[in-house]
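Trainee: Just dropping this structure here.
The values are calculated or read from the model by the stated rules, or taken from the named source; none is laboratory data. Just so we're clear, the structure is a prediction, and the values are computed from it rather than from any experiment. Here Cβ is always computed from backbone atoms with ideal geometry, including for glycine, and neighbour counts include all displayed protein chains.
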Amino acid sequence: MTFPNIDPIIFSLGPLHVRWYGLMYVLGFMACYFLVQKQIRDFAYKELEPHFENLNLVLILSVVLGGRLGYVIFYNLSYYIQHPLEIPATWTGGMSFHGACIGCLIGGALFTKIKKLDFWTCADLYVVTIPIGLGLGRFGNFINGELFGRTSDVPWAMVFPGGGPLPRHPSQLYEMLLEGVLLFTLLWILKAKPWQAEKNWPHGCMLSLFLMAYGVFRIFVELFREPDTQIGFLLGFLTMGQLLSGLMIIGGGLLWYLRIRQGSQTG
């Protein structure tokens, strides 16, 4: 198949460039905003209403900061040690989902502790909406022609501008479908479970499911995605994304066990 070769810049105003990738971030944040707001109304979680706007701001900043620092630490630390002034240059590219996830959890935990809100309840409200942003972000990666897959002869393989002459898996689209569409559908269907009266699923279970499901999907897609050139394979077969996602699965499984156990004790 022919790569569509869409211009990553939507339009320019002088030196200001509005890019599709940035628009995907904005649309993801907007979807999260409205869907969390809807859940607050549906589940009558009135405690969060006075703090909703501020929590959104904290989480957005946490995503950007965590995503950037995650990329610096996990994917290119040696380079940024030598070029520390480039660490804030997010416009040059380089964001890590795993770093953004850690940043979001830390920012959310600190905010809810200060405001005396239940962290697990807030986490469940937000985490079921995150796959929308993930899916949109992967589509932005596809438009940019970055993070492409390994060489392949499947009928839908594409020759990416920066990927050499051989056709490759459009792994960005695989991630969009799995980490975006499928993961959102799964979590959105199950989102009411922690709010049900029998409390078989205490709050925090949706966060746990997100961590485990994302980890599984990401490990699978990494089998088709070209490893980062500056890292390559770890131990000869493992990518950094798979390593970090494996830790997510372990963390999500442990969280599930602890939350279910605590729910059974308090129920």
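Trainee: Going by the structure shown, is residue 154 over 15 Å from the mean Cα position of the chain (by Cα), under 26 Å from residue 6 (Cα atoms) and free of Cβ contacts under 8 Å to residues at least 40 places away in the same chain? Step through it out loud before you land on a result.
Mentor: Details: over 15 Å from the mean Cα position of the chain (by Cα): yes; under 26 Å from residue 6 (Cα atoms): yes; free of Cβ contacts under 8 Å to residues at least 40 places away in the same chain: yes.
Taking the combined requirement at face value, the residue satisfies it.
Trainee: Given the conditions (1) over 12 Å from the mean Cα position of the chain (by Cα); (2) among the hydrophobic types (A, V, I, L, M, F, W, C); (3) part of a loop (DSSP other than H, G, I, E, B), and given that residue 95 satisfies all but one, which numbered condition is not satisfied?
Mentor: So the condition that residue 95 fails would be (1).
Trainee: Only one of 236, 246 is closer than 30 Å to residue 152 by Cα and not in a helix (DSSP H, G or I); which?
Mentor: On the way: 246 fails: not in a helix (DSSP H, G or I).
Being closer than 30 Å to residue 152 by Cα and not in a helix (DSSP H, G or I) holds for just one of 236, 246, which is 236.
Trainee: Can you tell me which residue within segment 190-231, out of those that are farther than 30 Å from residue 145 by Cα and of a type in the set (S, T, N, Q), is modelled with the highest pLDDT?
Mentor: Taking the candidates together, the pick is 208.
Trainee: For segment 231-250, state whether one or more residues are without any contact (Cβ under 8 Å) to a residue 24 or more places away in the chain, touching a Gly at 6+ places or on another chain (Cβ under 9 Å) and over 22 Å from residue 124 (Cα atoms).
Mentor: Taking every residue of segment 231-250 in turn, at least one turns out to be without any contact (Cβ under 8 Å) to a residue 24 or more places away in the chain, touching a Gly at 6+ places or on another chain (Cβ under 9 Å) and over 22 Å from residue 124 (Cα atoms).
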